[in-house]
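Shown next, in structure tokens, is the structure this report addresses.
The values are calculated or read from the model by the stated rules, or taken from the named source; none is laboratory data. Since we're looking at a predicted model, the values are computed, not measured. Neighbour counts are summed over all protein chains in view; Cβ atoms, including those assigned to glycine, are modelled from backbone coordinates with ideal geometry.
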Amino acid sequence: MSSGQQERSPRSALPDEPSDPALPAVRTTGLSRRFGKQLAVDEVALSVPRGSVYGFLGPNGSGKTTTIRMLLGLLNPHAGSIELLGRPMPQALAAVLPRVGALIEGPAFQPYLTGAANLRRLDHSDATAAPATSDERIAAALARVGLTAAAGKRYRNYSLGMKQRLGIAAALLQPRELLVLDEPTNGLDPQGTREVRNLIRNLADEGITVLVSSHLLAEIEQIASHVGIMSNGRLLRQGSLREVLSDGAALIRVTTPDVADTVRLLNNLELLDVTEDVRTGSVTGRLGDLEPDRIAAVLVNAGVRLRGLGVERPHLEELFVSLTGEGFDVLR
């Protein structure tokens with residue numbers, strides 16, 4: 001390599017940037033993949049907004065990892081199209097992948113090397129990385145994941161949380177616009193899970209789009225702005241977390257001493273699954289398309305004494321089970 005090549009900025013060597021930053025960070029249309037006779041991914045249409053934390057959820061065998069591998073060019077789709085950062089894939093693979101960081105199926109590092117040495121080994125194997133700034137970028141990546149103090153510690157002595165954070169540091173050695181994380185908290189204790197959760201939040205605050213595949217529904221509910229739910233190779237729901245949860249069956253709960261009258265009136269309004277609990281003095285029913293204000297007005301006009309009236313939306317876990325028929329305990 002000539003001296004001129006060594007001094008060339010890796011960013012200047014990349015083809016043109018995406019023309020429209022308003023385009024989704026990830027967009028697929030009709031994405032499909034078979035393994036023999038099995039249709040593993042069936043016409044999936046992902047749309048991951050830029051700057052979002054997109055929680056990609058699904059039971060084991062739902063097609064999540066196969067979809068991620070196709071996004072990154074590790075598998076070829078049998079049908080459909082992929083766009084990353086506004087560019088068609090795989091045509092723009094060389095232009096786009098340097099702006100995409102990924103941690104798939106856990107980090108793989110040399111156990112006898114230190115954290116910094118492992119990153120240096122990876123950085124030197126990157127043809128787009130400028131050797132002159134290697135030490136600076138390694139130090140910055142370690143700092144971003146909170147591992148500066150452990151930079152000289154051998155990888156085999158890292159905790160699980162530290163290992164996952166080092167894997168994310170490896171994905172951040174170069175400037176990234178999109179980060180794809182497959183089960184980043186898998187096997188972590190509560191402290192390690194909190195560390196990775198806080199890191200994902202910080203990355204999103206910096207404007208990096210994060211697509212995170214996970215089976216920890218409560219964790220995703222805490223950090224995700226958008227979610228997609230997969231089952232049997234199909235994308236069942238997708239959108240902002242608020243929109244997806246609003247698709248679930250919301251309940252209205254009325255607290256009153258007039259339980260019998262409330263049950264009668266809610267049935268007259270054709271609410272489904274009206275249930276009374278005399279012990280707590282409450283009545284619940286599936287809200288459907290009715291506005292809570294209208295229900296309140298009907299109850300008050302009928303002389304029902306209201307002590308409380310509220311709408312309860314399902315949690316992500318409840319919606320997931322209703323869509324897939326499987327609980328989080330069978331996911332991985």
Just name the residue that is modelled with the highest pLDDT out of those in the stretch 170-214 that are over 19 Å from GLY58 (Cβ atoms) and among the polar types (S, T, N, Q).
THR209
Under the condition of being free of Cβ contacts under 8 Å to residues at least 24 places away in the same chain, under 19 Å from GLY30 (Cα atoms) and out of contact with any helix residue (DSSP H, G or I) (no Cβ under 8 Å at 6 or more places or on another chain), which residue from the stretch 75-103 is surrounded by the fewest Cβ atoms within 10 Å (Cβ to Cβ)?
GLN91
Name every residue in the stretch 123-139 that is within 19 Å of LEU113 (Cβ to Cβ), without any contact (Cβ under 8 Å) to a residue 24 or more places away in the chain and either out of contact with any helix residue (DSSP H, G or I) (no Cβ under 7 Å at 6 or more places or on another chain) or loosely packed, with under 15 Cβ neighbours inside 10 Å (or both), in order of residue number.
HIS124, SER125, ASP135, ALA139
Across (1) at pLDDT below 90; (2) over 18 Å from GLN238 (Cβ atoms), GLY73 clears everything bar (1)
Pairs under 6 Å by beta carbon, first residue within 9 Å of VAL254 (Cα to Cα) in the stretch 274-288, partner acidic (Asp, Glu) and buried (at least 17 other Cβ atoms within 10 Å of the Cβ), six or more apart or different chains?
VAL283/GLU276
When residues of the stretch 43-68 are limited to those that are surrounded by fewer than 19 Cβ atoms within 10 Å (Cβ to Cβ) and in contact with a Leu (Cβ under 8 Å, 6 or more places away or on another chain), the one nearest to PHE320 (Cα to Cα):
ASN60
Considering the stretch 157-213, residues that are over 24 Å from GLU136 (Cα atoms), β-branched (Val, Ile, Thr) and touching a Ser or Thr at 6+ places or on another chain (Cβ under 6 Å), and then whichever is surrounded by the fewest Cβ atoms within 10 Å (Cβ to Cβ), we arrive at THR193
When you go through (1) within 18 Å of the chain's Cα centre (by Cα); (2) farther than 27 Å from LEU119 by Cα one by one for ALA25, which number turns out not to apply?
(2)
